[in-house]
Protein chains: 2
Amino acid sequence: METIPEGDNRARLVCPDCGYIEYANPKVVVGAVCVWEEKILLCRRAIAPRIGYWTIPAGYMELNESTTDGAVREVREEACTRILVDGLVGIYEIPHISQVHVIHRARLSEPVFAPGIESQEVALFAWADIPWDALAFPSNTWALERFREGGGPVLYTAKDVVTLD
Amino acid sequence: METIPEGDNRARLVCPDCGYIEYANPKVVVGAVCVWEEKILLCRRAIAPRIGYWTIPAGYMELNESTTDGAVREVREEACTRILVDGLVGIYEIPHISQVHVIHRARLSEPVFAPGIESQEVALFAWADIPWDALAFPSNTWALERFREGGGPVLYTAKDVVTLD
């Protein structure tokens with residue numbers, strides 16, 4: 001049941017029998033802008049939300065991994081390829097959906113990739129060919145643009161509530 | 001019960017009756033290195049873990065807030081004071097406890113503070129007087145040293161498993 005635990009200041013889900021408190025907190029999404037000879041790797045989503053739209057490989061960070069290890073794992077799962085991570089592009093926080101995206105920059109180890117179970121298609125795009133209007137999430141655009149600009153990691157906080165199909 | 005959901009690749013807690021999947025993911029800790037006239041604000045912990053040790057104000061990020069808003073909230077709760085956030089010091093990830101610390105740099109709005117319910121004591125320390133051996137967490141040391149160095153945000157991944165009292 002929902003109640004404010006002693007010493008706390010907001011409602012949590014608490015078990016009335018055993019006192020167990022279920023804390024719900026924001027989730028971290030890890031991913032990478034991956035390049036091969038200046039072309040950028042994008043995956044066309046095979047799962048909701050935004051089926052059919054293109055995204056950089058990214059997904060929820062798992063327990064006991066670093067954001068770097070998580071990015072490597074997501075690239076392996078979604079694009080069946082291996083990367084070398086070079087550093088942070090930025091942190092993109094989206095308070096209205098309680099997500100913090102930690103996005104790295106990386107190079108493909110070799111130009112060999114294939115759609116994983118969550119992707120319909122995986123492809124390399126020259127900058128001029130990126131399908132901006134068919135990107136899955138605003139955070140894709142933010143990370144790609146920052147990657148292109150270069151420079152150290154940025155922190156960007158989404159201001160607008162955007163509803164996506 | 002613990003099982004691997006269809007289309008997933010790791011065990012999750014799944015309700016055998018309704019199919020609800022409980023995903024456990026890393027938590028984000030938000031905090032700030034706060035200064036007033038070159039002195040740094042530290043709080044002596046009144047709660048476990050590390051009761052009696054000093055820490056920068058920090059705590060779990062809550063739903064629907066940004067890391068900046070979270071840092072402001074933690075400073076208000078633990079040190080009863082207000083800050084102006086200037087930017088990121090760094091991201092400190094600690095895979096073995098599944099935490100990602102996002103630490104900001106900030107200035108006190110005025111030199112007025114007091115211990116909140118989770119603090120025994122709050123004080124300003126000149127750099128030379130920081131109680132390094134009585135800091136609560138390694139991430140405090142990492143953030144304070146990076147703050148002192150200056151420069152853009154760093155990503156630091158903890159390599160060692162440290163057991164704290």
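The values are calculated or read from the model by the stated rules, or taken from the named source; none is laboratory data. In this text, all values refer to a predicted model and were calculated from it rather than measured experimentally. Cβ: placed from backbone, ideal geometry, glycine included. Neighbour counts: every protein chain shown. Calculation scope for accessible area: heavy atoms of the full protein, side chains included, ligands and nucleic acids excluded. Shrake-Rupley method; radii C 1.70, N 1.55, O 1.52, S 1.80 Å.
Under a plain spin-label model, where a point goes 7 Å from the Cα along Cα-to-Cβ, how far apart in nm are B:ARG148 and A:ARG12? So the two model labels end up 3.5 nm from each other.
Summing both sides, how much accessible area is buried between B and A? Use a 1.4 Å probe and give Å² to the nearest 100.
Looking at B and A, the buried total is near 2900 Å².
The listed residues B:TYR92, B:TYR60, A:TYR53, once ranked by accessible area (1.4 Å probe) with the largest placed first, stand as B:TYR60, A:TYR53, B:TYR92.
Of all beta bridges that DSSP places with both ends in the protein assembly as shown, some 65 percent have antiparallel geometry. Computed on chain B, with alpha-carbon pairs under 8 angstrom and 6+ residues apart, the relative contact order is 26 percent.
Extension gain for B:GLU2-B:THR141 works out to 46.3 nm (0.36 nm per residue, less the C-alpha to C-alpha distance). Spin-label model, A:ILE21 to B:LYS159: label points 7 Å out along the Cα-to-beta-carbon direction sit 3.6 nm apart. Among residues other than A:ARG73 whose Cβ falls under 9 Å from its Cβ, what is the net charge (Lys/Arg +1, Asp/Glu -1)? In short, -4. In this rough spin-label picture, where each label sits 7 Å from Cα along the Cβ direction, the A:ILE51-A:ILE97 distance is 1.7 nm.
Rg to Rh ratio, the protein assembly as shown, alpha-carbon atoms and Kirkwood radius?
0.99
Of the GluC sites (Glu not before Pro) in segment B:28-114, the ones in a loop by DSSP (not H, G, I, E or B) with at most 10 other beta carbons within 10 Å are B:GLU37, B:GLU38.
Structure remark: mean-square fluctuation, Gaussian network model of chain B, C-alpha springs under 10 Å; the largest value among B:ASP17, B:ASP133, B:ASP86 belongs to B:ASP17.
Of all chain B C-beta atoms, the nearest to the rotation axis linking B with A is recorded, alongside its rounded Å distance, as B:GLY152, 2. For the protein assembly as shown, the number of Lys pairs separated by eight or more positions or lying on different chains, with C-alpha atoms closer than 25 Å, is 5. Measuring with a 1.4 angstrom probe and ignoring ligands and nucleic acids, B:LYS39 comes out at about 90 Å² accessible. Beta bridges assigned by DSSP with both partners in segment B:25-163 are antiparallel in approximately 60 percent of cases. Here the protein assembly as shown is assigned +1 on the Cβ of each Lys and Arg and -1 on the Cβ of each Asp and Glu. Its dipole about the Cα centre then comes out at about 520 debye.
Projected onto their three principal axes, the Cα atoms of chain B cover extents of 58, 31, 30 Å, largest first.
Taking a spot 7 Å from the Cα of A:GLU37 along the direction of its beta carbon, which residues of segment A:106-149 have an amide N less than 19 Å from it? Those under the cut-off are A:106-114, A:122-130. Of B:MET61, B:MET1, the order by accessible heavy-atom surface (1.4 Å probe, DNA, RNA and ligands excluded), from most exposed downward, is B:MET1, B:MET61.
Computed over neighbours whose Cβ is under 10 Å from that of B:PRO57, the net charge equals -2, Lys and Arg +1, Asp and Glu -1. If every alpha-carbon in segment B:1-56 counts as one equal scatterer, what log10 I(q)/I(0) does Debye give at q = 0.17, 0.22, 0.25, 0.27 1/Å? Computed log10 I(q)/I(0) values: -0.69, -0.87, -1.01, -1.09. Between the residues B:GLY90, B:GLY150, B:SER66, the greatest Cα displacement towards the positive end of the dipole of chain B, with unit charges on the Cβ of Lys, Arg, Asp and Glu, is found for B:GLY150.
State the three equivalent ellipsoid semi-axes of segment B:49-130, derived from the C-alpha gyration tensor as the square roots of 5 times its eigenvalues, in descending order and whole Å.
20, 16, 14
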